[in-house]
Amino acid sequence: MMPSFELITLTLLKATPLLLAAFGGLICELSGLINFALEGMMLCGAFAAILGAWATGSPWLGLLFGIIAGICASAVHATASLKLGANQIVSSIAVNLLAAGLTGLLLNQIFGVYGTSPTVAKLPEMNALLHRNMPSPDGTFEGISILVPIAFALACGVMACLRWTVAGLRLKACGESPEAAAAAGLSVFRIRFLAACAGGALAGMGGAYLSIGDLSQFVENMTQGRGYLAIAAVILGRWRPAGVFSAVLFFGFCDAASEWLSVRWTAMPAQLFLGLPYAACFTVLAFYSGKRRPPSALGRVE
Amino acid sequence: MAISGAPVVEFRNISKRFGSFHANRNINLCVDQGEIHAISGENGAGKTTLMNMLFGRVMPDAGSVLLRGKPLRMRNPRDAIRAGIGMVPQELLYFPQLSVLENIILGSEPSRAGIIGRRAAEKEVLCLRDAFGFQIDPSLPAGELPFAARRQVELMRMLYRRAEILILDEPTSSLGPGEVEKFLDVLRSFRAGGRTILFISHRLDEVFAVADKITVLRRGSIVRTLESKKTSKSEIARLMVGGDEISCPNAVTEDRNRPAAASEPPPLLEVEGLCVESAGAEPLIKCISFSIAVGEIFGLAGVVGNGQRLLARALSGREKASGGKMTFGGADITRLGIDARLRAGISRLSENPAEEALLPDRPLWENFLLGRQRESKFQKSGIIRKGEAVQFASDLISENGIAAQSPLDPPASLSGGNRQKAALARLFAGSPKLAILEQPSRGLDLHASAGMRDKIFELSRQGTAVIVFSYDLDELLSLCDRIAVIYRGRLMGTIERSLFSRDLLGRWMVGISS
């Protein structure tokens, strides 16, 4: 197989959890609610997916569990920030810390293990679906989870919704000026809360991809900062869906390249390549300044 | 005029207090179907509060609002909109990064299965725009429009929603004369269609041109409701201030009467070939030259959106000049920033003080301190002397008749007119050498705008040069020594007081040079 094709596939794989989380964060932030809690939502999603798959035996139900866990984590953040008036960044950090502690605790209490959960059934791969009856001739789609095309389709769906639907327009309006949105007769709290929940669902799904799409087990703190990278993608994409999409692909590519290079270039320490996506993120954020501004009322409650 | 039985809107024993301040006291008012009902009163008389209660933005402490005889229970504007009530507030609420089109249709989007019918929306919005003769590109982000055009967007939004009962709070304050006429025509056509309009305005000319009834509010209570045919401007003005006569009759009628100087006063500000790159939708400033003498009052007339804001910003140092030269008192100031120009004595009042002059949520004393925090009176080795600053603020509040409870109140708690007074008071207190005033009488009542004019005349006598940007030609004609007209970023011409001609200025304003 051509190395470039391999790199592209790897990029898509690496981009999938970021894509889901970043679009979740994008929806939330466009509605005006700061969302630094993507990391925590992903972690909850990853753990709940394993729990669901383990308890029911079905990875699809596991995915549902993951989505619900993401929504719950997001609802906590939204309630604290929108209803109780907590600082949105502090509330986000609290959700992240809570998620890290809670998943570790439950891992130990439910499975009786430390660090790594038992293996469960993972979601099907493209290969199995496409070549159900005949064995794959070339292994083209080997190792690509069914969640990868689903994630890209969802991202396109979110883009279309934001651009063409009434719901998308109203969501953006709440992020531009909650006062004006209220004067136009919108229920700002409801729209923001729903946006946060939808965002949490996507982020939870991104987490589930890590545990039951990519691997088939939960590892403590397995998100490894991907939630923060997703936030960076939202900022780098200047809160525009197409921009965020490009940023995610860029980060995915850097991640893929680092893995690809570390396999081929064993003379160099692997840690050097592991840092590549983060270094790239830092460099681009430092030197790139787009014209578009963040949502005008980001972080402002009426 | 269609009159049916029950009043369409009835306020019954409405009272509202903010802290210890009685915004509305025991208001009883009936508004009939298909009537244009003007609400008049001085700044802080409680007009906006009353209207906010009809729109569900403020809850009354006591009393009730009835719609067609039934009590209205409103918790928020959504309930009001559902009941067919629309409001254009004085302080604009809009979505800066959404397009004009999206701003207008939001809340009642034409849609099928959740997808916005963009083409249908565009058609209707363009229709509305052309009915008014506004020149707004609906695809531009609203935040890039000049301030006045944003109000036009707001008006279009209201008309788009086809509200049955319209509340308009100072709707014409940034429209030019021609636009006001068109706007009043639209109001008349609304009335003919059976809609009811509640109209707050300080411009009695407009009130008398369209209103059927006029209700005068004073200090939170209704003084009287009169039929406009059976009253006069002077009676309304008298009721507003509560005395037997207008408290400063001279100032209201007095025109600029500049003592003839023995010799030509020296030029203070000279602008040569000033060019500014465009910020947003406004035209570029192209090669503008003029000079202003010490103590002169220079008016800049023009239709909304012809580069006034950009020019004002360039003069104050807020915007960089891309070409040309500005000399102030002999020194080249072209490259100086706002701070250096402030220290040289150039102060500007922005067209939108809420955005560019006042910190809405900080106390008034901090707002008044801004710009003079370095003065030794107000600080000692970097520590603010709060006592001095608060004292200074209370002096300004009482001198300028700002309706604030204390200098610790933030501007956000004041009415629109009082915020304007506060911004003006701060500027005048700094005794600038050059004052650049954009729409200085915006939101001011008769009394306050008379005070503002007196202040301008007084400053001019002390040698301050004043540049007044206004869309109101009458204001400029009575205030200025010279008037220039700006059209699409160029000066059409300048005219001396002795040669003032409404006709010529009007032609310049639409771009006919002769």
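Here are some notes:
- Condition met for B:Ser64 (hydroxyl-bearing (Ser, Thr, Tyr) and out of contact with any helix residue (DSSP H, G or I) (no Cβ under 8 Å at 6 or more places or on another chain)): yes
- Condition met for A:Ala267 (aliphatic (A, V, I, L, M) and modelled with pLDDT of 85 or more): no
- Test: residue in the range A:263-280 that is aromatic (Phe, Trp, Tyr), out of contact with any Asp or Glu (no Cβ under 8 Å at 6 or more places or on another chain) and not in a helix (DSSP H, G or I): yes
- Selection from the range B:496-509 of residues that are surrounded by 19 or more Cβ atoms within 10 Å (Cβ to Cβ) and of a type in the set (A, V, I, L, M): B:Leu505, B:Met509
- Considering each residue of the range B:318-338 in turn, none proves to be more than 30 Å from B:Ala484 (Cβ to Cβ) and either outside the structural domain of B:Asn52 (by TED's automatic domain parsing) or surrounded by fewer than 20 Cβ atoms within 10 Å (Cβ to Cβ) (or both).
- Enumerated strands (runs of 3 or more DSSP E) restricted to the range B:266-343, each holding at least 2 residues that are under 18 Å from B:Leu476 (Cα atoms): B:285-293, B:297-301
- The number of residues in the range B:35-92 being more than 14 Å from chain A (Cβ to nearest Cβ), hydrophobic (A, V, I, L, M, F, W, C) and outside any loop (DSSP other than H, G, I, E, B) comes to 9.
- Subset of the range A:164-199 (residues that are part of a helix (DSSP H, G or I), within 7 Å of chain B (Cβ to nearest Cβ), without any contact (Cβ under 8 Å) to a residue 24 or more places away in the chain and of a type in the set (Gly, Ala, Ser)): A:Ala167, A:Ala173, A:Ala180, A:Ala183
- Members of the range B:349-408 that are among the polar types (S, T, N, Q), closer than 27 Å to B:Ala312 by Cα and not in a loop (DSSP other than H, G, I, E, B): B:Asn367
- If you go through the range B:458-480 and keep only what is surrounded by fewer than 19 Cβ atoms within 10 Å (Cβ to Cβ) and more than 21 Å from B:Arg507 (Cβ to Cβ), you end up with B:Glu458, B:Arg461, B:Gln462, B:Gly463.
- Residue in the range B:484-498 that is under 23 Å from B:Glu351 (Cα atoms), modelled with pLDDT under 85 and more than 19 Å from the chain's Cα centre (by Cα) present: yes
- Test for A:Phe111: is it farther than 27 Å from A:Cys44 by Cβ, away from every other protein chain (no Cβ under 14 Å) and either modelled with pLDDT under 95 or touching a Ser or Thr at 6+ places or on another chain (Cβ under 6 Å) (or both): no
- Within the range B:332-363, the residues that satisfy the criterion of being modelled with pLDDT of 85 or more and touching an Asp or Glu at 6+ places or on another chain (Cβ under 8 Å) are B:Arg348, B:Leu349, B:Ser350, B:Leu359, B:Pro363.
- Out of B:Ser513, B:Ser441, B:Ser415, B:Ser449, one residue alone is hydroxyl-bearing (Ser, Thr, Tyr) and surrounded by fewer than 20 Cβ atoms within 10 Å (Cβ to Cβ). It is B:Ser513.
- Selected residue (only one of B:Arg150, B:Arg118, B:Arg157 is at pLDDT below 90, within 14 Å of chain A (Cβ to nearest Cβ) and over 30 Å from B:Ala6 (Cβ atoms)): B:Arg150
- Flag for A:Thr223 being more than 14 Å from every other protein chain (Cβ to nearest Cβ) and part of a loop (DSSP other than H, G, I, E, B): yes
- Of the criteria (1) outside any loop (DSSP other than H, G, I, E, B); (2) touching a strand residue (DSSP E or B) at 6+ places or on another chain (Cβ under 6 Å); (3) of a type outside the set (Phe, Trp, Tyr); (4) more than 14 Å from chain A (Cβ to nearest Cβ), which one B:Arg129 fails: (2)
- Residue count for the range B:64-74, restricted to those that are surrounded by fewer than 18 Cβ atoms within 10 Å (Cβ to Cβ) and at pLDDT 85 or above: 6.
- Filter result (assigned to a helix (DSSP H, G or I), touching a residue at least 24 places away in the same chain (Cβ under 8 Å) and either surrounded by fewer than 24 Cβ atoms within 10 Å (Cβ to Cβ) or touching a Lys or Arg at 6+ places or on another chain (Cβ under 6 Å) (or both)) within the range A:19-61: A:Leu30, A:Leu51, A:Trp54, A:Pro59, A:Trp60
- Against the test of being over 25 Å from the mean Cα position of the chain (by Cα) and among the charged types (D, E, K, R), the options B:Arg75, B:Arg129 yield a single qualifying residue, B:Arg75.
- Hits in the range B:129-142 - residues which are farther than 17 Å from B:Val303 by Cβ and at pLDDT below 85: B:Ala131
- Residue match in the range B:162-182 (condition: within 14 Å of chain A (Cβ to nearest Cβ) and assigned to a helix (DSSP H, G or I)): no
- When A:Arg238, A:Arg293 are checked against the criterion of being within 19 Å of the chain's Cα centre (by Cα), basic (Lys, Arg) and either within 14 Å of chain B (Cβ to nearest Cβ) or in a helix (DSSP H, G or I) (or both), A:Arg238 stands alone in meeting it.
The values are calculated or read from the model by the stated rules, or taken from the named source; none is laboratory data. Quick caveat: nothing in here was measured; it's all calculated off a predicted structure. FYI the Cβ positions are ideal-geometry reconstructions off the backbone, even for glycines, and counts take in every protein chain you see.
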